[in-house]
Amino acid sequence: MSLWGKYKKEENIEKLNQDIESDILIIGGGITGLTTLYYLREKTDVVLVEANSIGEGVTKNTTGKLTFLQGAIYSELEKNRSKETAIQYLNSQKYAISLIKEIIEKEKINCDLEKVDSYLFTNKEKELEKLKKEEQFLKQQNIEVQENSLPFNVPYLKAISVSDTYVFNPIKYLNQLKSKVKEKTIYEQTKIKKIEFQNNQYICYTDNVKIKANKVIIACHYPFFILPFLLPIKSHIEKSYLIAIKANDYKKASCINISNPSISIRYYKEEQQSYQIFLTESHNTAIKQNDQENFEKVKQIFQLKEEEIVAKWSNVDIITDDKLPYIGKIKDQLFIATGFNTWGMTNGILAAKILSDNIKETENVYQELFKIHRKNFYKCKNLLPNLTTSMLAMIRSKWQKKKWYSNNITFQKKKGKTIAIYKDEQEKEHIVYATCPHFGCSLLFNETEKTWDCPCHSSRFDIDGKCIKGPSSYDISYKK
Ligand SMILES: Cc1cc2nc3c(=O)[nH]c(=O)nc-3n(C[C@H](O)[C@H](O)[C@H](O)COP(=O)(O)OP(=O)(O)OC[C@H]3O[C@@H](n4cnc5c(N)ncnc54)[C@H](O)[C@@H]3O)c2cc1C
C-alpha cells in the first residue's frame, strides 16, 4: 500500500445497477476524471463512473509533487520539437499549478499543500551540459533559478532549484473534492468494458448494464480500447519503485535528477509526523521485470533499513513518444486525457480544464499543444521500437518468470491455459489465469505488493485475480 493509501475513506459506494442515459459521461475517477467532473459541476446532466473506488488508480501511488521542474523536459522539447513548444509546455505546467491552488483555496481543501523548492540535479559529468541547458532555458523564461547545494543525502555534481512549486497529499485532495461534487452522480465499482457509437450516441457497457451518452470523456489512465486511438504504438510504460520512511526532520524541498533511472525525493508532513518518500529504479516495463530485486535496489541506493520503512509500492505511467500528454477529442464527441509522462498531477488538472472547456465550447490556449492528432515524426520513428518493446515485454515475461519465481508459485496447464497457483503464508491457495486478457502477455508476480502485473500495458490484478488496474477489462480469477 502506498503512503497515501491510509487516507482513503471507507464510504458507501454507489454502484450502477440499471441502464441510464446522460449527456456527458466521464470514465475514471482519478485526479483527471474527478477534477473534470468538478469543472463540469454546473452541467445538470453529467455522470462519472469508476471501476473501483475514487482515487484507487495511479493517483494513489504518485509522489504528489506539483512542479514545473520535470527532469530535462524543456531542453528535450526544444531540441526535438521547438523552443515555442518548450515555452508553451512550461507555461501550461505553471498554469496547472495555479489551477489546482485555486481549487484548493476556493473549496478549502485540506490536503497538506505546501510550497517547497524543487531541485534538479545530476551526478554525472556527461550530463552537466544538459543541466546547464535546462537552467539557461528557465532563466530565459524569467524563472528565478538558483545554483544550490542539494538538501538531500544523495551524491551530486550540480544542483539547481526553483521556487513556486508545491507538494500535497493527492488522496486527501480527491476525498475532499469528491465531497464538493456530491450533488453530481458518481457510480463506483462500475467498470466500462466496451464502447460503441450508434445513432450519434455512445453506448458504454458494463457487465450487466449500459449507459447512453452524447459525450464521453476517457479519463481511465490507459484506455480499455485499442481503436481508434492506438496508444500502444505511441507510447511505452514506465514503472518506478517507492519507499516511505518516518523522518526525524522536515525540509521544504523536493528533488529529481535528470538521469535515467530517475531519483526523486520529497518530504510529507502531517501534523507532528514527517515522512520522506524515495523513488528510483524507474524502467521501461519491457526491460526489467523482477520487482523484488528493484525494491531491494531502492533500499540499497538510499541506505534504508527494513525496520524504518512504513510503505513500499510501485507505480506505472504512460510515456509518450514526444513527451507530451494526449488531451482532446479522438473523434465525434469522444474525448481522452492520457500519457502524462509521470507528471499527471499537473497534467491531470490541465486535462480536466482543457476537456471541460472543450465540452463547454470555450477556447483553451493549450488545446493545440496536446491535441490527439498532432503531427510529429516520432509516430513513424518510434512505431517499430514501440512494437518491438511490446513484443519484448511479452517474450521476456514468458521466459523470465521461470528464472526467478519463488517456490510458493507453481504453474499448471488447465484446458490449454496456464494457471498460476500462489500459496500464501497460511498455505491458502490463490489461483489465477497467468495471462493478461488485454493482449495475451504473461503476467508477472509482484512478490512485494502481492499483485499480478502486466509488463506490456500495465494492467494489474490482485492476488485472487480481480483487475485493479486497466486496460484489461476482465479479471483473471480461476474457479476450480
Ligand atoms: C512513480 C510515479 C510517481 C509519480 N509522481 C508524480 C508527481 O510527483 N507529480 C506528478 O505530477 N505526477 C506524478 N506521477 C504521474 C501521476 O501519478 C499520473 O499521471 C496520474 O496520477 C494519472 O492520473 P489519472 O487520473 O489519469 O489516472 P488514475 O489515477 O489511474 O485514474 C484513472 C481511474 O480510472 C479508473 N478506470 C480504469 N479503467 C476503467 C474503466 N474501464 N471503467 C471505469 N473506470 C476505469 C481506474 O480505476 C482509476 O481510478 C507519477 C507517476 C509515477 C508512475
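The values are calculated or read from the model by the stated rules, or taken from the named source; none is laboratory data. Here the structure is a predicted model, which is why all the values come from computation and not from measurement. Here the Cβ is made from the backbone with ideal geometry for all residues, glycine too, and neighbour counts use every protein chain on show. Just so you know, the surface numbers come from the protein's heavy atoms only, side chains and all, with ligands and any DNA or RNA stripped out. Shrake-Rupley method; radii C 1.70, N 1.55, O 1.52, S 1.80 Å.
Would you mind calculating the gained length between LEU157 and LYS193 on full extension (0.36 nm times residue separation, minus the Cα-Cα distance), in nm to one decimal?
8.0 nm
Let me check I've understood the local charge: for LYS94, count other residues with C-beta under 12 angstrom from its C-beta, Lys and Arg +1, Asp and Glu -1. What total comes out?
It works out to a net charge of 0.
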Give me the distance in nm between label points sitting 7 Å out from Cα along the Cα-to-Cβ direction at LYS428 and LYS182, one decimal.
3.4 nm
Do the alpha carbons of any pairs in LYS191/LYS329; LYS9/LYS312; LYS331/LYS479; LYS124/LYS252 sit beyond 29 Å of each other, and which pairs?
LYS331/LYS479
Aspartates and glutamates with Cα under 12 Å of LYS466, excluding same-chain neighbours fewer than 8 positions away:
ASP453, ASP475
Tell me, in nm to one decimal, what length is gained between LYS43 and LYS9 on full extension, where the rule is 0.36 nm per residue of separation less the Cα-Cα distance?
9.6 nm
Label-reachable residues, the stretch 254-298, where backbone N falls under 15 Å from a point 7 Å from LYS124's Cα toward its Cβ
257-264, 281-284
Under 8 Å for C-alpha pairs, at least 6 residues apart: give me the relative contact order for the chain, rounded to a whole percent.
17 percent
Hey, which of these cross-link pairs are over 32 Å Cα-Cα: LYS193/LYS234; LYS8/LYS106; LYS79/LYS215; LYS6/LYS428; LYS106/LYS450?
LYS79/LYS215; LYS106/LYS450
Quote the Stokes-Einstein diffusion coefficient, in whole µm² s⁻¹, for the chain, based on the Kirkwood radius over alpha carbon pairs, a temperature of 25 °C and a viscosity of 0.890 mPa s.
107 µm²/s
FRET E, pair LYS479, LYS329, Förster distance 35 Å, beta-carbon r, rounded to 0.05:
0.25
Could you provide, to the nearest whole Å², the per residue accessible area of the chain with probe 1.4 Å?
44 Å²
Apportionment of accessible area to carbon and sulfur, the chain, percent (1.4 Å)
47 percent
